[in-house]
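Peer 1: Quick one: the structure is below, questions incoming.
Since every read-out is calculated from the coordinates, none of them should be taken as a lab result. In this text, all values refer to a predicted model and were calculated from it rather than measured experimentally. All Cβ positions, glycine included, derive from the backbone under ideal geometry; neighbour counts span all protein chains shown.
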Amino acid sequence: MGRIVMKFGGTSVADLARIRHAAAFARREADAGNSVAVVVSAMAGETNRLVDLAASAGPPDAALDVRNVEADAVVATGEQVTSAMLALTLQNLGYRARSWQGWQVGLKTDAAHGRARIAGIDGDALGEAVDNGEIAIVAGFQGVSDAGRVTTLGRGGSDTTAVALAAALKAERCDIYTDVDGVYTTDPRITKQARRNDRLSYEEMLEMASLGAKVLQTRSVELAMAHRVNLRVLSSFVAPDADNPGTVICDEEETMEQRIVSAITVSRDEARISLLAVPDEPGRAARIFTILSDHDVNVDMIIQSPARTAGANISFTLPESDLDRAEAAIAAAKGDIGYDRVEPDRDVVKVSVIGVGMRSHTGVASTMFRTLADRQINIHNISTSEIKISVLIDAEYAELAVRALHQAYGLDKAAADAASETGARP
Ligand code: ADP
Ligand code: ASP
Ligand code: MG
């Protein structure tokens, strides 16, 4: 029997009844003779409450997203509570269990508070404890910096704790228990037609996570891919002995999927800035994007087109949370850049179609553009990679676009039936 990492998200430990249910899953793995480490999130809603609480103490920049050291110390307590609560629950059931905080498992991070990256884990003590039959309950989402301060890993970061632990422990599998029974063809909250994928490649899951499917934190998928962690997403809302295959995230060769497109995502944390009538001469774009990168603004889709009067219009997308910062930086550099006007737009979303089958098939883009055109949905910006196409559209059309595309690619049907209907050709 091997080492297993299990992770329970916020809704899966939302109250004592759910914590007891999570305990039943952990007991099952321990009873089967496995060495078990369990990673927990804070109770559902608790991290939001703690972020607001920290912010209310001021100074006004104490919120999680501006990387404040003491805010992290507040926000990390949510996971401290659930880890000890689950340990107590298991002890009361007669199991040997203990809670571990990030610093106690040796989860070292950089000092980027509120969005820290894991630098390494010294998993020896934890490995020894679980191999001796103790169930380890690890507080997700938190670590410790070189300066000895508590850090947090960014929203959804418990997924990353789980995958990093699985890699450090060389675990046989890393099971992410959540409130859906796997990774769907699109967010099941948008359409009932969404279907569970049996398998997805690391690359597809990575695109999905970074393009808006919040079911796994992007960084957790990167780590799983780098360390070839055997990752699975499955439901904690069924009986522990129920059939619960979930979605396996694995190498592309192991997916054996017929689908050309495997998922549609929507990212709502998007905004667009258009700079009108920028002088059309070498070096202007370099100036704009240097200023943005100096202000830590993450730019995505970029379009340059001739302006109606003179010069060029340059438009780009960025996370909505960066918009104010970017606008201020651009306004401060108006003389240097030399634009006429700035137009910010918050009411946009990015809709993406994703699938490894795009590598070997044509027609995916034309199906996407035709489907949106048929619904009178205007496309502002487009970006592509080998396995995805993203478009920026007005926010009011987000759900209509997702549903229409989901149907256009036959994702509401079994994989084998779908391929013939998408218009895509090998
Ligand atoms: P947890 O608290 O367990 O970490 P999250 O809320 O972070 O859970 O992630 C699970 C949620 O992700 C689901 O409830 C679902 O609404 C959402 N989600 C978005 N896209 C997808 C998708 N393609 N497949 C499954 N769930 C998705
Ligand atoms: N509790 C943290 C959050 O809400 C981390 C997590 O749930 O993964 O973002
Ligand atoms: Mg999550």
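Peer 1: Tabulate in residue order the Karplus-calculated ³J(HN,Hα) for the stretch 349-354, using 6.51 cos²θ - 1.76 cosθ + 1.60 with θ = phi - 60°, rounded to whole Hz; enter x for Gly and Pro.
Peer 2: 9, 10, 10, 10, 10, 10
Peer 1: Sticking with this one: Binning at 5 angstrom from zero up to the longest distance, how are the C-alpha pair distances of the stretch 348-412 distributed in percent?
Peer 2: 4, 18, 33, 27, 14, 4, 0
Peer 1: For the stretch 225-315, what does the alpha-carbon gyration tensor say about shape, rounded, prolate or oblate, given a ≥ b ≥ c as the root eigenvalues, a/c under 1.5 as rounded, and a/b over b/c as prolate?
Peer 2: It is prolate, given that a/c is not under 1.5 and a/b is the larger ratio.
Peer 1: Same structure again: Using amide H atoms built 1.01 Å from N in the peptide plane, name the residues 5+ places from ARG195, or on other chains, whose amide H lies under 5 Å from its own.
Peer 2: Sorted by chain and number, the residues that satisfy this are THR185, THR186.
Peer 1: Now a separate question. Please find, in a Gaussian network model of the chain (springs between Cα atoms separated by less than 10 Å), the residue of GLU254, GLU207, GLU281 whose mean-square fluctuation is greatest.
Peer 2: GLU281
Peer 1: Just the Cα atoms of the chain: what Rg and Dmax do they give in Å?
Peer 2: When restricted to Cα atoms, the chain yields Rg and Dmax of 23.1, 77 Å.
Peer 1: Tell me, what is a quarter of the convex hull surface for the C-alpha atoms of the stretch 1-95, in nm² with one decimal? Could you put the intermediate results ahead of the total?
Peer 2: Values: hull surface 26.2 nm².
About 6.5 nm², averaged over all directions.
Peer 1: Something else about it: Which residue, VAL69, VAL13, VAL36, has the most motion in a Gaussian network model of the chain that connects Cα atoms within less than 10 Å?
Peer 2: In the Gaussian network model the winner is VAL69.
Peer 1: Can I ask one more? With springs connecting C-alpha atoms under 10 Å apart, model the chain as a Gaussian network and identify which of ALA242, ALA398, ALA125 has the largest mean-square fluctuation.
Peer 2: The residue that fluctuates most here is ALA242.
Peer 1: Which is the longest part of the chain that has none of the trypsin sites (Lys or Arg not before Pro) sitting in a DSSP loop with at most 11 other Cβ atoms within 10 Å? It would help to have the intermediate numbers written out before the result.
Peer 2: Details: sites that count: ARG189, LYS192, ARG228, ARG268, ARG308, ARG346.
Result, exposed sites excluded: 1-188.
Peer 1: Moving to a separate point now. Scan the chain and note any complete DSSP helix (H) whose C-alpha atoms cover at least 18 Å along its axis and whose Kyte-Doolittle average is 0.0 or more. Show your work: numbers first, answer last.
Peer 2: Numbers: long enough: 16-31 (22 Å, -0.39); 77-92 (23 Å, 0.24).
Flagged H segments are 77-92.
Peer 1: Run through the stretch 229-326 and list the chymotrypsin sites (Phe, Trp or Tyr not before Pro) located in a DSSP loop whose Cβ has at most 16 other Cβ atoms within 10 Å. The partial results should precede the final answer.
Peer 2: Values: sites: PHE237, PHE289, PHE316; in loops: PHE237.
Taking the stretch 229-326 and a limit of 16 other Cβ atoms within 10 Å, the loop chymotrypsin sites (Phe, Trp or Tyr not before Pro) found are PHE237.
Peer 1: For the chain, what's the relative contact order in percent, using C-alpha pairs closer than 8 Å and at least 6 residues apart?
Peer 2: Details: 956 pairs, mean separation 55.7, N = 426.
Over the chain, the number comes to 13 percent.
Peer 1: Calculate the spin-label point distance for ALA147 paired with GLU386, positioning each point 7 Å from the Cα along the beta-carbon direction, and give it in nanometres.
Peer 2: Going by the 7 Å Cα→Cβ label model, 4.0 nm.
Peer 1: May I pose another question? Loop only by DSSP, 12 or fewer other Cβ within 10 Å of the Cβ. Give me the GluC sites (Glu not before Pro) in the stretch 312-416 that pass, ordered by residue number.
Peer 2: On the way: sites: GLU320, GLU327, GLU386, GLU396, GLU399; in loops: GLU386.
Qualifying residues, ordered by number: GLU386.
Peer 1: So for the stretch 300-418, what are the equivalent ellipsoid semi-axes in whole Å, largest first, each being the square root of 5 times an eigenvalue of the Cα gyration tensor?
Peer 2: On the way: eigenvalues 222, 42, 37 Å².
Over the Cα atoms of the stretch 300-418, the ellipsoid semi-axes are 33, 15, 14 Å.
Peer 1: Quick check: Cα centre of the stretch 186-221 to Cα centre of the stretch 372-397, how many Å?
Peer 2: Centre-to-centre distance over Cα atoms comes out at 18 Å.
Peer 1: What residues qualify as long-range amide H neighbours of ARG173, i.e. H under 5 Å apart, gap of 5 or more or another chain, H built at 1.01 Å from N?
Peer 2: Hits under the 5 Å cutoff: VAL5.
Peer 1: Sticking with this one: Suppose we keep just the DSSP beta bridges with both residues in the chain; what percent of those would be antiparallel, to 5? Numbers along the way, then the final one.
Peer 2: Working: 44 of 72 bridges.
Rounded to the nearest five, the antiparallel share is 60 percent.
Peer 1: Oh, and also: Counting only helical runs of four or more DSSP H residues, what would the 222 nm mean residue ellipticity of the chain come to if each run contributes -39,500 (n - 2.57) and the total is spread over all its residues? Mind dumping the intermediate values first?
Peer 2: Numbers: 14 runs with 139 residues, N = 426.
After summing the helix terms and dividing by residue count, I get -9500 deg cm²/dmol.
Peer 1: While we're looking at this one, here's another question. What whole number of Å gives the distance from the Cα centroid of the stretch 112-170 to the Cα centroid of the stretch 292-356?
Peer 2: Between the Cα centre of the stretch 292-356 and that of the stretch 112-170, the gap is 36 Å.
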